[in-house]
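Data first, discussion second: the structure below is written as structure tokens.
The values are calculated or read from the model by the stated rules, or taken from the named source; none is laboratory data. For clarity, every value in this text was computed on a predicted model and none was experimentally measured. We place every Cβ from the backbone using ideal geometry, glycine too, and count neighbours over all the protein chains shown. Just so you know, the surface numbers come from the protein's heavy atoms only, side chains and all, with ligands and any DNA or RNA stripped out. Shrake-Rupley method; radii C 1.70, N 1.55, O 1.52, S 1.80 Å.
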Amino acid sequence: PGLSYTWIFNNTTLDLQADSRRFVSQATGNLYLAKVEPWDVGNYTCAVSSAGAQRWVRGPPTALTLRGDGVMGEYEPKIEVRFPETTYAAKGSSVRLECFALGK
């Protein structure tokens, strides 16, 4: 509760209103892309903010590239964020929330 997820594409915040193919779940932080196009290739970075803590953190960029053969193998590509439902931290301590990608 209180977390907000944003994705950054090539150092620019994704404008989800302008592109109905992209969706960020505010429940999980997952970024979904429907029908990947050549212009989707680039670096994606997850940013998580907390209004209550008045903080935000940015993960490392994750590169999305297209395969030339069109074969994805066993797993479909998806960029995903996973956080525990509740994270406890003492005031003044540090908390690390990680973003990562699955697929190719």
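In table form, for the structure just shown:
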read-out	value
Ranked order, K35, K91 - accessible area, probe 1.4 Å, largest first	K91, K35
Solvent-accessible surface (1.4 angstrom probe) belonging to V41, in square angstrom, nearest 10	60 Å²
Potential lengthening between L66 and N10 on full extension [0.36 nm per residue; Cα-Cα distance subtracted]	18.6 nm
Label-point gap, in nm, between D19 and E37 - each point 7 angstrom along Cα→Cβ	0.9 nm
Cα-based shape type of the range 1-50, given that a ≥ b ≥ c are square roots of the gyration tensor eigenvalues and the cut on a/c is 1.5	prolate
